[in-house]
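In what follows, a single structure is set out as structure tokens and then discussed.
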Amino acid sequence: MIEKEGIIYTGFPSKEELMSCPGVPSEERMKKGRVAVIECVQQIPCNPCASACPMGAITIGENITNLPHLNEEKCTGCGLCIAKCPGLAITVVNKAFGEGEASIDFPFEYLPLPKEGDFVDAVSRAGEPVCKGRILKVKNLAAYAGTTVISMAIPVEFADTVRSMKRLPNPAVEGA
């Protein structure tokens, strides 16, 4: 039996969907520093990412169901778009973070939150463990309306695979 791939079957985009996504920057741009990676592959009426971008790097166009397009040269990697995306489809990747390391900023809506300096299990789009990540920052601003943005350092070879972290055990419900 052939298993179907793609967001409507698995809940996360397939490689083919990502390759045709106009919000994914080039490899060259990701190696220059922080840049938004918009993995939005469904044409639905949505535009908060475009409204959030102070640089005008994200555009939707005339039809609100268009996929967001990233102008990678205009993007500064500020990350204001991350928490504004209701589909949690935006990360900021920096493949030039450090010697052998990349950083990724991603939305996170679970408790408890990690602390700066913690080592966590970094996971793929499918939620599968990929490697260990080191928490750099935890931003929980009122303007983010309940979506925390976490910055994490990971080995650079996993920068195209890692998109979040494994949920931490909740001591409030342990043993319940």
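Full extension from Gln43 to Lys115: what is 0.36 nm times the residue separation minus their Cα-Cα distance, to one decimal in nm?
22.3 nm
How large, in percent, is the carbon and sulfur part of the accessible surface of the chain at a probe radius of 1.4 Å?
Here carbon and sulfur together make up 54 percent of the probe-accessible area.
Net charge around Pro114, counting only other residues with Cβ within less than 13 Å of its Cβ (Lys, Arg = +1; Asp, Glu = -1)? Don't jump to the answer; show the numbers that get you there.
Working: positive: Lys115, Lys132, Arg134, Lys137, Lys139, Lys166, Arg167; negative: Glu116, Asp118, Asp121.
Once all neighbours under 13 Å are counted, the net charge is +4.
How many angstrom lie between the Cα centre of the range 23-44 and the Cα centre of the range 60-115?
That distance is 8 Å.
Need one number: the % of Cα-Cα pairs in the range 7-165 sitting beyond the 28 Å mark.
Values: 1740 of 12561 pairs.
Value for the range 7-165: 14 percent of Cα pairs lie more than 28 Å apart.
Which far-off residues, 5 or more places away or on another chain, put their amide H under 5 Å from the one on Ser124, with H placed in the peptide plane?
Result for Ser124 returns Val130, Arg163.
Exactly which trypsin sites (Lys or Arg not before Pro) in the range 109-151 are in a DSSP loop and have at most 13 other Cβ atoms within 10 Å?
Lys115
With a 1.4 Å probe and every protein chain left in place, work out the accessible area per residue of the range 7-165 in Å², rounded to a whole number.
Result: 51 Å² per residue.
List the chymotrypsin sites (Phe, Trp or Tyr not before Pro) within the range 61-115 that DSSP assigns to loop and that have no more than 13 neighbouring Cβ atoms inside 10 Å.
Answer in residue order: Tyr110.
Using a cut-off of 28 Å between alpha-carbon atoms, which lysines can reach Lys15, once sequence neighbours fewer than 8 places away in the same chain are excluded?
Partners found: Lys4, Lys31, Lys32, Lys74, Lys84, Lys95, Lys132, Lys166.
Add -39500 (n - 2.57) for each DSSP H run of 4 or more in the chain, then divide by its residues: what number comes out at 222 nm, to the nearest 500 deg cm²/dmol?
Result for the chain, helices only: -1500 deg cm²/dmol.
Once phi is turned into θ = phi - 60°, what whole-Hz ³J(HN,Hα) does the Karplus curve with 6.51, -1.76 and 1.60 give for every residue of the range 9-22, x standing for Gly and Pro?
Values, residue by residue: 9, 10, x, 9, x, 7, 4, 5, 4, 5, 5, 9, 7, x Hz.
Taking GluC sites (Glu not before Pro) that fall in a DSSP loop and have at most 13 other Cβ atoms within 10 Å as cut points, what is the longest piece of the chain between them?
On the way: sites that count: Glu3, Glu62, Glu73, Glu99, Glu109, Glu116, Glu174.
Result for the longest clean stretch: 4-61.
The values are calculated or read from the model by the stated rules, or taken from the named source; none is laboratory data. Since we're looking at a predicted model, the values are computed, not measured. Note that each Cβ is placed from the backbone with ideal geometry, even for glycine, and that neighbours are counted across all protein chains shown. Side chains included, ligands, DNA and RNA excluded: accessible areas come from the protein's heavy atoms. Shrake-Rupley method; radii C 1.70, N 1.55, O 1.52, S 1.80 Å.
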